[in-house]
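The values are calculated or read from the model by the stated rules, or taken from the named source; none is laboratory data. Note that the structure is predicted; figures quoted are calculated from it, not measured. When we count neighbours, we look across all protein chains shown, and the Cβ atoms used for this are built from the backbone with ideal geometry, even at glycine.
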Amino acid sequence: MAIARRLGPGAEPLFLTLSGAAPVVHSMGFPVEYVASYATPGSGNDYRWSRRLRARLRTAIAEAAPDVVVFDGTHPYEALLGALPPATTAVWCRRAMWKRGSSKVPLGRAGAFDAVLEPGELAESEDAGPTVPLRERAKRVDPIVLLDPEELLPREEAEAELGIEPGGVNVLVALGQGAEVREATARCLRHLSGREGVRVVAISSALGAMGSEPVPEGIVELRATYPMSRYFAAFDAAVAAAGYNAFHELVHLGVPSLFVPMERQTDDQPARARWAESAGVGLGVEGAASPLLEAQLDRLLKPETRERLAEGIRALAPRNGAGEAAAWLAGMARGEESAPAAAVDSGAGKRGSFRAWRRRWGTFVASVPQTAVRLARQQLTQPRPRTVIHAFGLGERAPEAVREALAETPDPPERVLVLTDSYEFAALRELGVGFEHVPPPGSRQAELAGVPYEEFRRRRVELILAERPRPRRTLSASADEPSPGGGALA
């Protein structure tokens, strides 16, 4: 989104994502199509899921007829590689800072793309991963963040919008969600709460991740607000994970922070935290279970520490590479830009060559034994949906309508697949059902399909249900279609 919002009027961005944060993309004003990721309820095994994804990608790309397809991620899916049109420019937006010893299999798929775009990394001096030797083969830009400093709300306005009383020291605790961060979040809140003149603010999702752990008194709970960085001027300090986005946003926008690395398969978050400490632009610990966490929190509360970190950030003067990336991609779309010469010389960007074919399919063949074992396990452990619920034309009312429809089926929520055009993903997720999304009437995706909306939706539903067993029953909670078969199909 940081790149897309800087493309200018001459280029139109469209998103297709496997992320449950698709409603955020929609709220930012971008056309977005969501496809449920693997391992979500009702997705089935990887083989079937991958075939459905490839068909969805082929259809969406064919309808949009884009000048450039950009994949933003660490591991290019086989489904994506099989869906890329040979005549369409394809770019891999690939972050650096992979852990030392990370699998190089994804890197072998660079030959399936015309170019690689590498968002910059402030901590690149700590990078010891497998992308380091490939830097000269990529178009490299400064670190990419969503907002620039001038886009932040003034402190008083930010506090008012968030419901934070003025005065005192505001500390944002935003470590994310999941089992790994639950105890780290609880430790931070326990240690920071009750301090005179200190107001601790935490996102509601983080508090919910604490489970039965009682939330200390005095903690200010915030509903998830995007982009949170717009409100950074309200905070004197932050405690955050050291993922790419949070790390670069907090440093770029000048918030003195303690970075708590989280364990990730590829991303080297501990390296970022080490660099922040050594560069004097943040504090860091080695991980979520660090015994030094409380001591580092005490350091962060000291005014002289925060001032020193703020001075370090001002001296660093980080720049935002989103504009440069946008200009380069727009040039690629017009045929005025190309991959770096080193990329072409190395064989990347030669998508029709045997070398590119070998890079793509050679890694796939090598993984066949592990894939067979995984698929067999999934066949036994991942239940397939037995009930399909249509929930179209309902908007915010979709979750409640689905809840009512669940009472009509004997199947548990994990055996139910909901098809909807609503963006109420969080409420649907709380119901425990699997769900797939169809862009609603008036969406850009539906317009580009060039057929009446009813036909567009019918085609999308066919793609969603493909590679799945026929459901035992299909129920309709939709506002704009009758209940199929009077309510149930055997």
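The figures follow:
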{"read-out": "Lone qualifier among Leu300, Leu316, Leu292 - being among the hydrophobic types (A, V, I, L, M, F, W, C) and crowded, with 16+ Cβ neighbours inside 10 Å", "value": "Leu300"}
{"read-out": "Selection within the stretch 387-396 - in a helix (DSSP H, G or I) and on the phi > 0 side of the Ramachandran plot", "value": "Gly395"}
{"read-out": "Selection from the stretch 152-172 of residues that are at pLDDT 95 or above, of a type outside the set (Gly, Ala, Ser) and out of contact with any Pro (no Cβ under 9 Å at 6 or more places or on another chain)", "value": "Leu152, Leu153, Pro154, Glu157, Asn170, Val171, Leu172"}
{"read-out": "Residue pairs meeting the criteria (Cβ under 7 Å; at least 6 apart or on separate chains; first free of Cβ contacts under 8 Å to residues at least 12 places away in the same chain, in the stretch 443-456; second in a loop (DSSP other than H, G, I, E, B))", "value": "Ala446/Pro439"}
{"read-out": "Single unsatisfied condition, Ala327 versus (1) under 23 Å from Met262 (Cβ atoms); (2) under 26 Å from the mean Cα position of the chain (by Cα)", "value": "(1)"}
{"read-out": "Wholly enclosed helices (runs of 4 or more DSSP H) of the stretch 397-461 bearing at least 3 residues of a type in the set (A, V, I, L, M, F, W, C) and more than 19 Å from Ser19 (Cα to Cα)", "value": "398-406, 444-449"}
{"read-out": "Tally of residues being within 25 Å of Ala327 (Cα to Cα), out of contact with any His (no Cβ under 9 Å at 6 or more places or on another chain) and either in contact (Cβ under 8 Å) with a residue 40 or more places away in the chain or among the hydrophobic types (A, V, I, L, M, F, W, C) (or both) across the stretch 16-39", "value": "8"}
{"read-out": "Residue in the stretch 58-67 that is crowded, with 19+ Cβ neighbours inside 10 Å and of a type in the set (Lys, Arg) present", "value": "no"}
{"read-out": "The lone exception for Arg51 - which of (1) assigned to a helix (DSSP H, G or I); (2) closer than 29 Å to Pro261 by Cα it fails", "value": "(2)"}
{"read-out": "Criterion (closer than 18 Å to Trp49 by Cβ, part of a loop (DSSP other than H, G, I, E, B) and in contact (Cβ under 8 Å) with a residue 12 or more places away in the chain) met by exactly one of Arg470, Arg384", "value": "Arg384"}
{"read-out": "Failed item in (1) under 30 Å from Pro214 (Cβ atoms); (2) within 22 Å of the chain's Cα centre (by Cα); (3) outside any helix (DSSP H, G or I), with Glu165 passing the rest", "value": "(2)"}
{"read-out": "Scan of the stretch 12-48 for residues that are within 14 Å of the chain's Cα centre (by Cα) and not in a loop (DSSP other than H, G, I, E, B), ordered by number", "value": "Phe15, Leu16, Thr17, Ala22, Pro23, Val24, Val25, His26, Val32, Glu33, Tyr34"}
{"read-out": "Members of the stretch 215-253 that are outside any helix (DSSP H, G or I) and among the polar types (S, T, N, Q)", "value": "Thr225"}
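Quick grid of which residues meet (1) in contact with a helix residue (DSSP H, G or I) (Cβ under 9 Å, 6 or more places away or on another chain); (2) closer than 15 Å to Ala398 by Cβ:
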residue: Asp421; (1), (2): yes, yes
residue: Pro439; (1), (2): yes, yes
residue: Arg444; (1), (2): yes, no
residue: Val461; (1), (2): no, no
residue: Ile464; (1), (2): yes, no
residue: Arg468; (1), (2): yes, no
